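One structure is given here, and the rest of the page talks about it.
The values are calculated or read from the model by the stated rules, or taken from the named source; none is laboratory data. Computed from a prediction, not measured in an experiment: that's the story for all the values here. Cβ sites come from the backbone with ideal geometry, for glycine too, and all protein chains shown count toward neighbours. These accessible areas exclude ligands, DNA and RNA; they are computed on the full protein's heavy atoms, side chains included. Shrake-Rupley method; radii C 1.70, N 1.55, O 1.52, S 1.80 Å.
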Amino acid sequence: MRERAAWLEAVDPDGQDDEGRAVMESLLSVYGDLAQWGSADPGEAQTLRARVRRPELVTVLQGQRAQVSLSIFASDGEENALRGRVDRYRQACEHRSALKMLMDDYDEVIVDQFTQEAVEDFDEELRDVADDATPVHRTQIPSWAPRSHWWWWKPDPIKLTMREYRRRIYAGDLEDDESSAPGTADWLRCGDKKCWCFTAPG
């Protein structure tokens, strides 16, 4: 992440389409890593984000290949959201936070109709799944994330047992007799007293 941030700081935007794709993919990689920041120092996250926020890059980000890369990223996020009721909601949140940072840091970054539709489809699927999503632990929410990244705090309220959480996360990969044994999901509690899992039934 830091190597990509250093490259983005130094890159000379000359408007070449290939370079635009590399810039877009590097930005999404940095933002994606920040979306996986967890409980790490929020101040350092903001510093890294500031390093890659260069308004002069927006022209190359609007190029065709850059837009295709962004469209693919949004479509991958939608695929995660489609599985948000089982084992991929956290990954969907990470994708959406990365997109949110990109769109906040680079005004009018989306110029392609297909890219816009891909982002809208992602948002629609995320909204559809949010009220029945498999929740994330508090320690998985980026320490820097404001409440405008609402997806991290869904569903609200959380009414999941740990056994159901385990069933969803592993999506049937565990043996039925093992996953239904009393107390077998307790090891999935994160240990944070402020997390939903601390008081969730077994």
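Ordering Cys195, Cys190 by how much accessible area each has at a 1.4 Å probe, largest first, what is the list? Write out the running numbers ahead of the final one.
On the way: Cys195 5, Cys190 45 Å².
From most exposed to least exposed: Cys190, Cys195.
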| task | For segment 31-81, list log₁₀ I(q)/I(0) at each q in 0.24, 0.27, 0.30 Å⁻¹, using the Debye formula over Cα point scatterers of equal strength and ignoring solvent, two decimals each. | result | -0.99, -1.00, -1.03
| Given the convex hull over the Cα atoms of segment 69-117, what projected area results after averaging over all orientations, in nm²? | 3.3
| note | Once Lys193, Lys100 are ranked on solvent-accessible area with the largest value leading and a 1.4 Å probe, the list reads Lys193, Lys100
| Exposure of Phe73 as accessible area (Å², to 10), given a probe of 1.4 Å and all protein chains | 30
| query | So how do 163-170, 41-48 stack up, highest first, on mean other-Cβ count within 10 Å? | reply | 163-170, 41-48
| request: Have a look at the chain and give its Rg and Dmax from the Cα atoms, expressed in angstrom. | output: 18.7, 62
| Separation in nanometres of the label points that stand 7 Å from Cα toward Cβ, at Arg83 and Glu117 | 2.5
| task | Working with all protein chains in place, sort Asp156, Asp105 by solvent-accessible area computed with a 1.4 Å probe, largest first. | result | Asp156, Asp105
| said: Need one value: the accessible area of Trp187 in square angstrom, 1.4 angstrom probe, rounded to the nearest 10. | reply: 150
| remark: Of Leu27, Leu82, Leu188, the most mobile residue in a GNM of the chain (C-alpha springs, cutoff 10 Å) is Leu188
| message | What number comes out for accessible area per residue over segment 52-202 if the probe is 1.4 Å? Units Å², please. | response | 52
